[in-house]
Structure formats: C-alpha cells, structure tokens
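*Asks:* Below is one structure. I have some questions about it.
The values are calculated or read from the model by the stated rules, or taken from the named source; none is laboratory data. Keep in mind that what you see is a predicted model, and the values were worked out from it rather than measured. All Cβ positions, even for glycine, are placed from backbone atoms using ideal geometry, and neighbour counts span all protein chains on display.
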Amino acid sequence: MNLHEYQGRVLFRAAGIPMPDGDVASTPSEAESIARRVGGTVVVKAQVHAGGRGKAGGVKLASTPAEAAGAAEKILGMTIKGLVVHKVLVVPAADIASEAYVGLIMDRASQRPVFMVSPAGGIDIEEVAATTPEKIRRLAIDPRYGILPHQALGLAFFLYPDFAKARAAARIMEQLYFLFVANGCSLAEINPLVTTPDGKVLALDAKVSIDDNELDRRPDLAQLRDETAEEPSEVKARRANLTFIKLSGNVGCCVNGAGLAMATMDLVKYYGGEPANFLDIGGSSNPDKVVSALRIITSDPSVKAILFNIFGGITRTDDVANGIVTATRQFKVNVPIVIRLTGTNEREAIRILEAAGMQALSDMDEAVQKVVALVREAA
Amino acid sequence: MSIFADRRTRLLVQGITGRDGSFHTRQMLEYGTQVVAGVTPGKGGQVFEGTVPVFNTVAEAVAQTGADATVIYVPPTGAAGAIFEAADAGLGLIVCITEGVPVMDMTRVLPYVRERGARLIGPNCPGLITPGQTKIGIIPGNICAPGRVGLVSRSGTLTYEVVNQLTSQDIGQSTCVGIGGDPLNGTSFIDCLRAFQADPETDAIVMLGEIGGTDEQNAAAFVKEHVTKPVVGFIAGQTAPPGRRMGHAGAIISGASGTAAEKIAAFETARISVMKRPVDVVQLLKARLK
C-alpha cells in the first residue's frame, strides 16, 4: 500500500527526520492559512499516487498566501495520470544547495532491507542506475542488528565529504531504517535529501510503501488507505476478500489461485482474446465470493463473455457452481458464461449447473477457445 | 527415492486444531502421511481424530514422538513465531502453508532457520508431495501418481493443473514441491533443482515460475551449469501489467525487471524447454526424454 507524501511525512516526523514545516489542505482557504502560518514562499504539491507530478502541473510555487490559495484552486480537482487530486501539501520552499537520494527497499535477492544512496538526487533513481551506476551505493542491512553506526556514516560520506553534513545524513538514515522496520515498509525513500546554503540537511519528499501483509496487525496504518485513488471495482473486490485487477480487454476471468489466474489470462491471449481482468477467488470456496466476483466482473461494460476456470483442490467445485447459479438468480447476467471446472466434488458441481440449464467443460484449453470464440461472435 | 520427504517422514502439524489444520490433517492421514503429533498451545493432552496426540509446544511434541518435520497452518501474525519454534526444536524440514506472513518477519526468520540447518519451504505455499509415500501440505493426492518427474512451482492451483496433465498421460512424479508465491521464501528453485539433479529416481524436471523477482533467471543460470537432466519450464503472467501484484505477494513486475519475457529468454538460453500453455508439458517432456 502506497502512502501519500503528507502521510509519509507523519511517519518521518515521528521518527525525527528533519523536514520543512507545512501541512496538508483540502481547500484553497486551508492552503492559504497554512501558507500564512509557515510564511514566505511555499510549494503547493498535488497528493496523488503518480510520478511526474511537476511535469503534469501538480506542483506550483506561491510567494504569498493568496497565491497559495490560487495554486491550490488550480491543482485541487486536477487529474494526473487518471487520478483526481483531492488534497495538496503546502510546504515552505527550501533554499537548495544540493540534492541527494536516500532509499531503503525490501530486497528479494539478499532477503534483507537494502539502502540505496546517490549524490545525484531529485531525479528518477532508476534513470541514475541505468546511466551512471557508479553514482549509486547499495548496502544490505542485517535485520538482526539493524544499520550500524559506521555503515550509516560510510553511506553518508558517499553523499557529502563534509563531516557535519555526513553526520546529519547518517542520523537521518538511522531514523529512516527505524521507521522502515517499525512500520513494516517495503519502501521508504527520500528524494531529494537536500542541503541548504546554511548547511542543514533536510528531507524534501517522503515516499513510503507498507507491506500489505502488515495491515491486518496495524489498523492505524490500514486506515491510511486512500480508496479514492483506486479503481472502484478493485475497492469492492478487496472488501469481498477477492484479488481483482482491472485490465483493458473484454474476456472476464474468474479463477481460483493466483498462478492459475495468470496462466488463464495468458491462455486467453494465446488464443487471440484479451483478458478484462485478473481475479483470484482464493482457496476457500464460499458461494458468496463467487456472487461478488460475478457482480464485479459484470459491472464492467467492456466484458463480452465470462470464463470460469476452477481447479478444485481445497476449493470445492460444487460451492463455485452454487455461487454461479445463485448469482444468475439474483441479477441478470447479459453475457455468456463459459465454465471449466474439475477436481473436488466435480460431479455434484456438474449436476447443479445442469439443473440450472448451464454446462461445464473439464478442459482448460477447450474452455478458453470457446470463450474467445463467443467474444468474436459478439463483436 | 524423492526429495525432502518420503514415507519415513514423521510429521508434526502446528495449528492442528484450527479450521485449515484439522481439515488438511485428515487429508494427509488419509493419504498415508505419518502424522505423529500436533501442536496447539493450550490444547495439549487432546487426541486428534483418536490417533494424533496434541501438545502445547513443539519441543514437547518432538521429545515425545520423534517428529522430524512440521507443517504450519497458523494465522499470518503467528506464522513467524511458529517457524522460530520449529527451528529451535531441531526439526529439519519446516513447511509453512500460511499466506499473508509479513515480509519483515521473514527477514528475521530466514537467517534463524538457516543457522539451525533446517529447510523451510514457503510461506504461502501448497507444500510438497511424494506420490504414493507422503504428502505434507494441501496438494490434492488424487491428481498425483508415483513416477520419475520432479516438479517445482511458485504456485498452487497451477501446479495442480500441470500435475493433472502429467498424471492423465501416465507420467508420474518423484516429488512435487510448491515453494510459494511470496517475495522472501525459505527454499528457492535452485535448492529444488539441486536436489532433483542429485536424486537418482528423478529423470526430468518441470519448473513453473511466474513474473516478479529474479529467482527463475538464477535458476536458469544454475541449470546451464549444473543440471544434466532435461528441464521443462513455464512462466505465468505474460499478460500481467507492470507495477501490480498479481495475487501472489511476489508476483509483481518492478520497473522493467521481473517480466515474463526476460524469464522465458533466460530459460531458452539454458536449454529449458518452454511451455506456451500448461498442456504443452506432456509433449515437451516426452520429446526431451526420448
């Protein structure tokens, strides 16, 4: 789960990381009063989960509180990469002497949190990695000991030859590591970490992602989720305990298990179709989940046919069949449904479907070819 | 022979009295797995299904029953604790089925388990099965058949799909291992490839990967150097959009890294026959085993 910058700043502040003052606003008048309180020139920044906010016009300088209100007026309601801006962050404009990058990610290869730092900050770090890899230093941290003082200082000296600045940056890295572990992050990034002409080191941005698996035991973090930034169908799916991702095709897919769901989408493509979604109904076989799944899939007007692909292991295929029949009684499904099911209780499942006038196939390839053909006919 | 587990494996079930634990313990007993003990703190002294003694702690269960492997069906927030306890009790094989274990927990679990010489499979995995001998986890026994093809996978139901194709064409399996769909896990493709290569009763290997990370690319490099047995591979997620987690926590394309195309290319340079569809597994294996 990605946090907005203003939410990340709350975690940064709690960890003691030095940042410019400022606050978040939902209206131009709120932005104006924040600008008045912090004084001087401010930056008004759109709070959306999208990179390239500046280029899209979502970051503006304002030299007076009235200008800040005007900037907020322009940015609030703006759409950046398909996302509507509901909030802006208002912070004093810092005098910048230099920009660096400090990031901490959960690294799969080393199975540890890994620091990435670079004196080339303020730009996309993947671009730095591609063009000037020598400007990046990486360090895997042993989670049993955390970041050790000499490790932090070593990384900091790579950013700043000056001892006072290096010491300040090392302290920030220790604080960043602490907040990363304390909040179960998968990413915590400061881009840019700046120095000011009077020698201060400050975090000018706060990018934080929380491991989704942490949210059950951390309701305080879970409530930071911004559902307005998500596809509405994906929000509905999460509430129904389904994993759903909307795609751009027209073959609705309903599958049990993530690997099989991906393989099913791939097979739809292989036979010349385009999947409309990824949907994993999970291992348990609750007919209600199937009803929710069908509701979500059918609410997408681009879906021209629906494919069920169920391999019953823990999932009982008769439960899925019951769910399909219940759903078609509760609401009208206007597109054809192709059902492939095999495994646990498949005889009972076939009986349930046939009693309701539906059929089931047992072969995955046959079912996918059939659904793709139906979509072609509908076109 | 087989890898990691066989008919002599003496299994302990952590979370045996829970909903999932009790259901799957019955299935394992029915399959013939030697389930010698269960652990649920606070329920020590009970007997599960009239045959399996339940203990409060893993240490006690091991001391009383000589269990040498464990399977974990406890909820996500307790899973790391269960793995620590199992490793501490000296169990050599720890299979964690639980989905949703926080990654931060795994960063502490993995070195702990390794230092004690234990093998962890999972988390977020279906476990393993040596057909005709033992099953540890949730892979349906009825779709498997004893034989000489080893299978390793990051997925659950996709594994069942492929195993079912094999069995229906009379191609049996030595051992099928699901290593799990999480970004940090205990056993990698390479660990399984090494074991299958060393197993005299495995003739060929099927490897089912997916988008995200570089485990498949590393596995391909390992195959090139160290595996002489034929390998057939599949990558799920060719149509997955970048930046989205496709159900499995580890199935995500980050930037330009972890794509299906890059993994398939790595397989091809390592002479791994690449399945375009799950059904292709049979023909490709037959061609390589000629």
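*Asks:* Can you pull out the residues in the range A:109-149 that are in contact with a strand residue (DSSP E or B) (Cβ under 9 Å, 6 or more places away or on another chain), among the basic types (Lys, Arg) and either in a loop (DSSP other than H, G, I, E, B) or within 23 Å of A:Ile210 (Cα to Cα) (or both)?
*Replies:* Correct list: A:Arg112, A:Arg138.
*Asks:* Right, next: Take the range B:47-64 and flag every residue that is assigned to a helix (DSSP H, G or I) and out of contact with any Phe, Trp or Tyr (no Cβ under 8 Å at 6 or more places or on another chain).
*Replies:* Residues satisfying the conditions are B:Val58, B:Ala59, B:Glu60, B:Val62, B:Ala63.
*Asks:* Would you list the strands (runs of 3 or more DSSP E) that sit entirely within the range B:125-165 and hold 1 or more residues that are closer than 16 Å to B:Thr9 by Cβ and charged (D, E, K, R)?
*Replies:* Numbers: elements: B:127-130, B:134-137, B:146-153.
Because the criterion is at least 1 residues that are closer than 16 Å to B:Thr9 by Cβ and charged (D, E, K, R), the strands (runs of 3 or more DSSP E) in the range B:125-165 that meet it are B:134-137.
*Asks:* In the set A:Ile105, A:Ile17, A:Ile96, A:Ile75, which member is of a type in the set (Val, Ile, Thr), more than 30 Å from A:Lys135 (Cα to Cα) and touching a strand residue (DSSP E or B) at 6+ places or on another chain (Cβ under 7 Å)? Working first, answer last.
*Replies:* Working: A:Ile105 fails: more than 30 Å from A:Lys135 (Cα to Cα); A:Ile17 fails: more than 30 Å from A:Lys135 (Cα to Cα); A:Ile96 fails: more than 30 Å from A:Lys135 (Cα to Cα).
Within the list A:Ile105, A:Ile17, A:Ile96, A:Ile75, the selection yields A:Ile75.
*Asks:* Let me ask something else. Of the residues that make up the range B:90-100, is at least one buried (at least 23 other Cβ atoms within 10 Å of the Cβ), of a type in the set (A, V, I, L, M), farther than 23 Å from B:Gln34 by Cα and within 14 Å of chain A (Cβ to nearest Cβ)?
*Replies:* no
*Asks:* Look through B:Pro126, B:Pro102, B:Pro140 and report the one residue that is closer than 27 Å to A:Phe178 by Cα and touching a helix residue (DSSP H, G or I) at 6+ places or on another chain (Cβ under 8 Å).
*Replies:* Working: B:Pro126 fails: closer than 27 Å to A:Phe178 by Cα; B:Pro140 fails: closer than 27 Å to A:Phe178 by Cα.
Testing whether each residue is closer than 27 Å to A:Phe178 by Cα and touching a helix residue (DSSP H, G or I) at 6+ places or on another chain (Cβ under 8 Å) leaves just B:Pro102.
*Asks:* Among A:Val290, A:Val251, which is the only one that is surrounded by 22 or more Cβ atoms within 10 Å (Cβ to Cβ), touching a Pro at 6+ places or on another chain (Cβ under 6 Å) and of a type outside the set (D, E, K, R)? I'd like the intermediate steps shown before the answer.
*Replies:* Numbers: A:Val290 fails: touching a Pro at 6+ places or on another chain (Cβ under 6 Å).
That would be A:Val251, the only listed residue that is surrounded by 22 or more Cβ atoms within 10 Å (Cβ to Cβ), touching a Pro at 6+ places or on another chain (Cβ under 6 Å) and of a type outside the set (D, E, K, R).
*Asks:* Given the conditions (1) surrounded by fewer than 17 Cβ atoms within 10 Å (Cβ to Cβ); (2) of a type outside the set (Phe, Trp, Tyr); (3) touching a Gly at 6+ places or on another chain (Cβ under 7 Å), report the number of the one that A:Val208 does not fulfil.
*Replies:* A:Val208 satisfies all of (1) surrounded by fewer than 17 Cβ atoms within 10 Å (Cβ to Cβ); (2) of a type outside the set (Phe, Trp, Tyr); (3) touching a Gly at 6+ places or on another chain (Cβ under 7 Å) except (1).
*Asks:* May I pose another question? Mind listing whichever residues of the range A:332-352 are part of a loop (DSSP other than H, G, I, E, B) and closer than 25 Å to A:Thr298 by Cα? Before the answer, list the steps.
*Replies:* Step one: filter the range A:332-352 for residues part of a loop (DSSP other than H, G, I, E, B), giving A:332-336, A:344-345.
Scanning the range A:332-352 gives A:Lys332, A:Val333, A:Asn334, A:Val335, A:Pro336.
*Asks:* Of all residues in the range A:361-375, how many are in contact (Cβ under 8 Å) with a residue 60 or more places away in the chain and either out of contact with any Asp or Glu (no Cβ under 8 Å at 6 or more places or on another chain) or in a loop (DSSP other than H, G, I, E, B) (or both)?
*Replies:* Going through the range A:361-375 one residue at a time, the tally reaches 8.
*Asks:* Let me ask another. Say we look at the range A:182-213 and pick out the residues that are within 9 Å of chain B (Cβ to nearest Cβ) and in contact with a Ser or Thr (Cβ under 9 Å, 6 or more places away or on another chain); which of these is farthest from A:Gly103 (Cα to Cα)?
*Replies:* The qualifying residue farthest from A:Gly103 (Cα to Cα) is A:Asp212.
*Asks:* Which residue, of B:Val62, B:Val35, B:Val47, B:Val74, is farther than 21 Å from B:Gly178 by Cβ, crowded, with 17+ Cβ neighbours inside 10 Å and not assigned by TED's automatic domain parsing to the domain that holds B:Gly150?
*Replies:* Values: B:Val35 fails: farther than 21 Å from B:Gly178 by Cβ; B:Val47 fails: crowded, with 17+ Cβ neighbours inside 10 Å; B:Val74 fails: farther than 21 Å from B:Gly178 by Cβ.
Selected residue: B:Val62, the only one of B:Val62, B:Val35, B:Val47, B:Val74 that is farther than 21 Å from B:Gly178 by Cβ, crowded, with 17+ Cβ neighbours inside 10 Å and not assigned by TED's automatic domain parsing to the domain that holds B:Gly150.
*Asks:* Return the only residue of A:Ala35, A:Ala31 being over 28 Å from the mean Cα position of the chain (by Cα), surrounded by 23 or more Cβ atoms within 10 Å (Cβ to Cβ) and part of a helix (DSSP H, G or I). Break it down into steps so the answer makes sense when it comes.
*Replies:* Values: A:Ala31 fails: over 28 Å from the mean Cα position of the chain (by Cα).
A:Ala35 is the lone residue from the list that is over 28 Å from the mean Cα position of the chain (by Cα), surrounded by 23 or more Cβ atoms within 10 Å (Cβ to Cβ) and part of a helix (DSSP H, G or I).
*Asks:* Follow-up. Which of the residues spanning the range B:228-259 are within 8 Å of another protein chain (Cβ to nearest Cβ) and either at positive phi or part of a helix (DSSP H, G or I) (or both)?
*Replies:* Across the range B:228-259, the qualifying residues are B:Gly237, B:Gly247, B:Gly255.
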